[in-house]
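Only one structure is covered here, and it is reproduced in the block below.
The values are calculated or read from the model by the stated rules, or taken from the named source; none is laboratory data. Here the structure is a predicted model, which means the values were calculated and not measured. As a convention, Cβ positions derive from the backbone with ideal geometry for all residues, glycine included, and neighbour counts pool all protein chains shown. Accessible surface areas use protein heavy atoms only, side chains included; no ligands, DNA or RNA. Shrake-Rupley method; radii C 1.70, N 1.55, O 1.52, S 1.80 Å.
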Amino acid sequence: MRFLTSILATGLAFSLLSSCQKETQITTANREDILIMGNGNEPKGLDPHRVSGVTESKILRALFEGLVQDDPVHDKSQLPGAAESWTHNEDKSVWTFNLRKNAKWSDGTPVTSEDFVFAYHRMLRPETASPFVEMLYFLKNAKQYNRSELGFILCGQDPNFPVKWDTLKEIAFQPSEDAENQYAKTGLDNLKLKDLESIKANLASFPWPDTISTETQNLILDRLIEYRQAEGVDLWDKAHVGVTALDDYTLKLELRGPTTFLPQLTKHFTWYPVPKHLIMDLGKGDMSAYFTEWTSPENMVSNGPFQLKSWRMNHSVDTERNPHYWDAENVKLDGVRFLPINNLYTEARMFMDEQVHITSGLPSEVIDEIKVKQPELLRQDIYVGCIFYRCNTKRKPLDDVRVREALSLCIDKNTISEKILRGYKPAYAITPPMEGYDPPHVIDYDIEKARKLLADAGYPNGEGFPRIKILIASRETARTMAEAVQASFLENLNINVEIENKEWAAYLTAMHEGDYDIAGGGWIGDYLDPLTFLEMWTEGNANNNTGFADANFEGKLKVAGKIADEEARFTKLQEAERIFLESHAIMPVAWYSRNYLIHPAVKNYTPLLLDNHPYKQIELIPAAK
């Protein structure tokens, strides 16, 4: 308790001390209108197409602006951004955005519809290898282009091809693990040139459907062979992805199905424009080129209220006003400084020492005392997200669904939420309850059922159960929570697990490579719809990392995507979520609440479910002395 008391004592006295000592960093920042934000970890980058984390998104929202922007008060509302207006067809599957003619990049170059087309092309291009590319799969044919579905693009999208796609899609273009034929197992789309030529020489070596004539078989193979021989051909024009610049300031988006929440989607950083003129210049004509340094402070241009001023590794990312921003006169701050502080105790000390305006989080042990002694500094906001543990379903013994369910049933979510996380809610699903959507009640706390399942899986009373590890990132709360889970497994199932702690970058690498047994994780919604929590578990999604794949699950998501009525769509999404939850590929623990400290000088920082505060609206007004 000595440390907690010292933090609070410092906080209670900070205004008195500041009058006796030299000017604090916050006093200086208030005078200069610079907001100082605690921002967790060091950002992996500032290229919107090559990052996927909350840490990076907070910085990108200061630098860029999408077609629409966040409302500072209302979660489901949006304000005009780079687009001043928009319209849609009856079922909301086609949207047209009218861009501002006075919107400019920070170097004074006009922002045009071609910048948006270029951004979506670049992100979807397979060579870019964007970790968050699925966010653009709402665009018609985006997924097919990104995943190089050659049969669909080269044949199915050609209006002059003699056979329609409804018939062609029965061909094994995509890989099938259940196929007996090796070529079909790999899929025509993925075969190398020599394999395609072998099939061409012997058509019977591939299992063609009876509906595909010999002439059509040869025509398909000719197109695939021609593509492989050409090497590196970009199929963007042939794929007909649903984004079109009708003119310099009119952008048309055609979607895979009715999407009522598209304006919400376009607020996300994956939908931001990027400067075509700069990226192509530094990339020497290659939009996907790596190491071009277009995001370095001396090169970067952006279209948001702020521009990049400096980036000092493991110290700070500083932004300053963008003088060319279309609404510059209404931006209240002169800059935002983001500090990579991954230790919550250190961050709390810095706040109390007047070095930070807003913390990224707060040690749970401090919350109760601050509630009593300095409640005006504490915020506990509802945050649309879920904390969970991933299970590597490809590793024994976690390849057995009974083992995964037993472990999940043994996690005391109520105690963890109340005693460790403070203010969080126990999760019985991956999707938090939303307006109009109550997720399936699948996950519970049931020790007796857990023991029976474990025995049925061949491990009565934990006998013979191999030693496994829980992988976590280096955060204090993550360790405390993992220790509680570790203790419960031992006490209730007689299972010993180790806790493996890695730095953030190493943790991410281990997860993406499947080098773990159980891994702590979390997901914050990117928009206010259940789909943001469900699509990440589709096969091949860069955020899945569990080995889970289910055609029935994905089929229901696909059907939901064709439904315009929200109630009917939510019903189909509930069915899909139940399938996923009953696989126990993850073990849900708690739904988020955001606990943090905020300085009294910060104004217009209203609680928002996605925590996407528009920096242009924030103001610093110190208390009068």
**Request:** Return an integer: the convex hull volume of the alpha-carbon atoms of region 472-625, in Å³ per residue.
**Result:** 183
**Asked** Based on the Cα coordinates of region 462-504, what is the per residue volume of their convex hull in Å³?
**Response** 42
**Request:** Quick one: grab Rg to one decimal and Dmax as a whole number for region 272-405, Cα atoms only, in Å.
**Result:** 21.7, 60
**Request:** Hey, can you grab everything whose amide H is under 5 Å from the amide H of residue 469? Only 5+ residues off in sequence or another chain; H modelled, so Pro and N-termini drop out.
**Result:** 498, 517, 518
**Message:** If DNA, RNA and ligands are ignored and the probe is 1.4 Å, what is the ranking of 413, 140, 169, 44 by accessible area, most exposed first?
**Reply:** 44, 169, 140, 413
**Message:** Ratio of alpha-carbon Rg to the 2.2 N^0.38 Å globular estimate for the chain, to two decimals, please.
**Reply:** 1.03
**Request:** Please calculate how many Å² of accessible area region 500-623 carries per residue, with a 1.4 Å probe and no DNA, RNA or ligand atoms counted.
**Result:** 36
**Request:** Jot down the radius of gyration and Dmax of region 230-337, Cα atoms only, both in angstrom.
**Result:** 17.4, 53
**Prompt:** With charges only on Cβ, +1 for K and R and -1 for D and E, what is the dipole size of region 171-271 about its Cα centre, in debye, rounded to 20?
**Reply:** 220
**Asked** Among the lysines in region 109-268, how many pairs, 8 or more places apart or on different chains, have alpha carbons under 25 Å apart?
**Response** 29
**Prompt:** What does the convex hull of the alpha-carbon atoms of region 555-625 project to on average, in nm²?
**Reply:** 8.2
**Request:** Write down Rg/Rh for region 106-187, rounded to two decimals, with Rg from the C-alpha atoms and Rh from the Kirkwood relation over Cα pairs.
**Result:** 1.12
**Request:** With a 1.4 Å probe and every protein chain kept in, tell me what percent of the accessible surface of the chain is carbon plus sulfur.
**Result:** 48
**Set of lysines near residue 502 by C-alpha distance (under 30 Å), chain-local residues within fewer than 8 positions excluded** = 44, 58, 394, 396, 413, 419, 425, 469
**Asked** How much of the DSSP beta bridge set in the chain is antiparallel, as a percent to the nearest 5?
**Response** 80
**Fill in**
Cα gyration tensor of region 94-251 diagonalised, 5x eigenvalues square-rooted, in angstrom largest first, produces semi-axes 37, 16, 13
**Complete:** Quick shape check on region 310-469: root eigenvalues a ≥ b ≥ c of the Cα gyration tensor, a/c under 1.5 is rounded, otherwise prolate if a/b tops b/c, else oblate, and it reads prolate
**Request:** Quote the charge dipole size of the chain about the Cα centre in Debye, to the nearest 20; the model charges only the Cβ of Lys and Arg (+1) and of Asp and Glu (-1).
**Result:** 1000
**Fill in**
Dividing the alpha-carbon radius of gyration of region 365-452 by 2.2 N^0.38 Å, where N counts its residues, gives 1.37
**Request:** Starting from the Kirkwood radius over alpha-carbon pairs of region 412-553, derive D by Stokes-Einstein at 10 °C in a medium of 1.306 mPa s and give it in µm² s⁻¹.
**Result:** 93
**Prompt:** Using the Karplus equation 6.51 cos²θ - 1.76 cosθ + 1.60 (θ = phi - 60°), what ³J(HN,Hα) coupling, rounded to whole Hz, does each residue of region 80-96 give in order, writing x for Gly and Pro?
**Reply:** x, x, 5, 9, 8, 6, 7, 9, 8, 7, 5, 9, 6, 9, 9, 10, 10
**Request:** Within region 173-227, list the trypsin sites (Lys or Arg not before Pro) lying in a DSSP loop whose Cβ has at most 16 other Cβ atoms in a 10 Å radius.
**Result:** 192
**Prompt:** Mean projection of the alpha-carbon convex hull of region 55-145 over all orientations, in nm²?
**Reply:** 7.5
**Asked** With all pairs of different alpha carbon atoms counted, what Kirkwood hydrodynamic radius in Å does region 300-354 show?
**Response** 12.8
**Message:** Using a probe radius of 1.4 Å on heavy atoms only, what accessible surface per residue do you get for region 121-239? Whole Å² is fine.
**Reply:** 50
